[in-house]
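Here's the structure we're looking at; comments come further down.
The values are calculated or read from the model by the stated rules, or taken from the named source; none is laboratory data. Not measured: the values here are computed from a predicted model. Backbone-built Cβ (ideal geometry, glycine too); neighbour counts: all protein chains shown. Surface areas here come from the heavy atoms of the whole protein model, side chains and all, with no ligands, DNA or RNA. Shrake-Rupley method; radii C 1.70, N 1.55, O 1.52, S 1.80 Å.
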Amino acid sequence: MLFPPASCRRLVVKIGSALLVDPDGAVRAQWLAGIAADIGARSRAGQQVAVVSSGAIALGARRLGLAKGGRASLEDAQAAAATGQIALSRIWAEVLGAEGLTAAQMLVTLGDLEDRRRYLNAAATLGRLLGLGVVPVINENDSVATAEIRFGDNDRLAARVAQAAGAHGVVLLSDIDGLYDRNPAEPGAVHISTVARIDAKVEAMADTRSASGMGSGGMTSKIAAARIATGAGIPLAIASGRVDRPLGEARRHTLFAAERVASARKAWLAGGITAAGAIHVDAGAARAIVAGGSLLAAGAVRIEGAFGRGDLVTIEGPAGVVARGLSEYDAADAARLLGRQSDEQAAILGHEPRAALVHRNHLALL
C-alpha cells in the first residue's frame, strides 16, 4: 500500500481527468466508487485524505457540446469548468457519502497559494477540514483562471496543497505507473522505482505529452510537482490509476524521496511557481548563497523584470537558478546597485541602504 496510514497521517491524492471521465465525457462511476472505497478504508484506519480532482472541464464540455473537450479556446475552457464543477462536486459528495464520509469543495487559484497571506488562509481551512474528518476535494478555479495566472496542471497544484495541508505524502494517480528512462512507448524503456534526487538527468527523462489528450499535465509537470513536494520534506509517488482500487494495495510506482525539511516559510518560497523577475549573479555570489549567505549587491550583474520591493524573484548564477527569495528593492533601485559595495550605496540611493538585495532569511535554495 502506498503511504499506509501508520506512516502517513495526512495524504494528498491527485486524480487526473482521464481516470474520472471517459473520452466521450461520461463519468467512470465504477472506478470512482472504488477509489472512494479506498479513501473510506484509509479514513477508518486513521489517515486524513485530501483529493485534488481534475475533470470539471471534461464533464462540462460534454454537457455543453463543446469541441476538443472544451479546450478549443480559453472562453470554452472557462465555460466548461463553470458547468462541470457543479457536476464534479456532486459526484464526489455522492461517492464519498456512500462511504460515510463528508466531502468539501475548495476551488483555488494560483494567487491563493502564491500570495503568502492567502496561502496561510487556505492552509488553515484545509487543516480544519481534515481535522474534522472531512475529505476536501480541491481543484483549480478554471472558470476564472487565464494562461497567465494559473497552475495549468493539477500535479503542481497537488504538491502546493500538500505543503499547505502539512501532508506527509502525495500520490499522483495517472494513466502511467511512474517514471521511465525514456518515453515508455519506446522499445527498451526502463521503469524507475525510486528517485533519490531530482537532477538534470531525471528531468531529461520526462515526456511532456498527456497520454489521454484530456489532461493538461505530462511527466514534466509531475516531476515539477515532485520537486515542490520533496523540497518541503514530503515524499511523492506517481502511480497508475488504470486499475480498480488503486490505493488499496502496493503496485508498481515511482517514489520521489523527500529531501531535507525546510522551514514552512522557506518551503513555500522554494515551491513558488511564479516570479516577478530575476537577479543574475556572478559565480562568487552564487557560491556564497549556497553556503547560506544573503545576496549582496556587489555580486549582482543583471536585473530582469519589473518587480517591486517584497516581490518574489529568482536568483540565477552562471550555471542556472540558485534560489528564490523576496527582493529588498524594486527593480529600478536594484539595477542602480549592481556590483556596488556597501559603502557606495547610500550616495547612490540618497538614503541608507538595506543589508542585502535579498536577505538570507527571505531566501530558499533550489
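Length gained on full extension, Ala6 to Thr102, computed as 0.36 nm times the residue gap minus the Cα-Cα distance: 32.3 nm.
With just the Cα atoms defining each centre, how far is the stretch 5-83 from the stretch 300-349? Give it in Å. Here the answer is 42 Å between Cα centres.
Each label was represented as a point 7 Å from its Cα along the Cα-to-Cβ direction; for Asp22 and Thr220 these points are 3.2 nm apart. When only the Cβ of Lys, Arg, Asp and Glu is charged (+1, +1, -1, -1), the dipole of the chain relative to its Cα centre reaches about 820 debye.
Other residues with beta-carbon under 11 Å from the beta-carbon of Pro353 carry, at +1 per Lys or Arg and -1 per Asp or Glu, a net charge of -2.
The simple Förster model, with R0 at 25 Å and r as the Cβ-Cβ distance, assigns Arg197 and Ala250 a FRET efficiency of 0.60. Comparing Gln47, Gln341, Gln163 in a Gaussian network model of the chain where C-alpha atoms under 10 Å apart are linked, the largest mean-square fluctuation is found at Gln341. With all protein chains kept in place, the per residue accessible area of the chain amounts to 43 square angstrom at a probe of 1.4 angstrom. Express in whole angstrom the spacing between the alpha-carbon centres of the stretch 248-279 and the stretch 107-146. Distance between centres, Cα-based: 17 Å. Couplings 3J(HN,Hα) for the stretch 346-353, derived from phi with the Karplus relation 6.51 cos²θ - 1.76 cosθ + 1.60 (θ = phi - 60°), are 4, 5, 5, 7, x, 7, 5, x Hz, where x marks Gly and Pro.
Label point of Glu94 set 7 angstrom out along Cα-Cβ; within the stretch 42-61, no amide nitrogen lies under 12 Å from it. Each peptide in 4-13, 285-294, 196-205, 320-329 receives the mean, over its residues, of other Cβ atoms within 10 Å, and ordering these scores from highest gives 320-329, 4-13, 285-294, 196-205. Arg309 contributes an accessible area of around 140 Å² to the protein surface, as traced by a 1.4 Å probe with all chains present.
Charge tally around Leu88: other residues with Cβ under 13 Å, Lys/Arg +1 each, Asp/Glu -1 each, net +1.
Between Ala41 and Leu74, how many nm apart are label points set 7 Å from Cα along the C-beta direction? Rounded to a tenth, the inter-label distance reads 4.4 nm. When the alpha carbon coordinates of the chain are projected onto the principal axes, the ranges are 70, 45, 40 Å, largest first.
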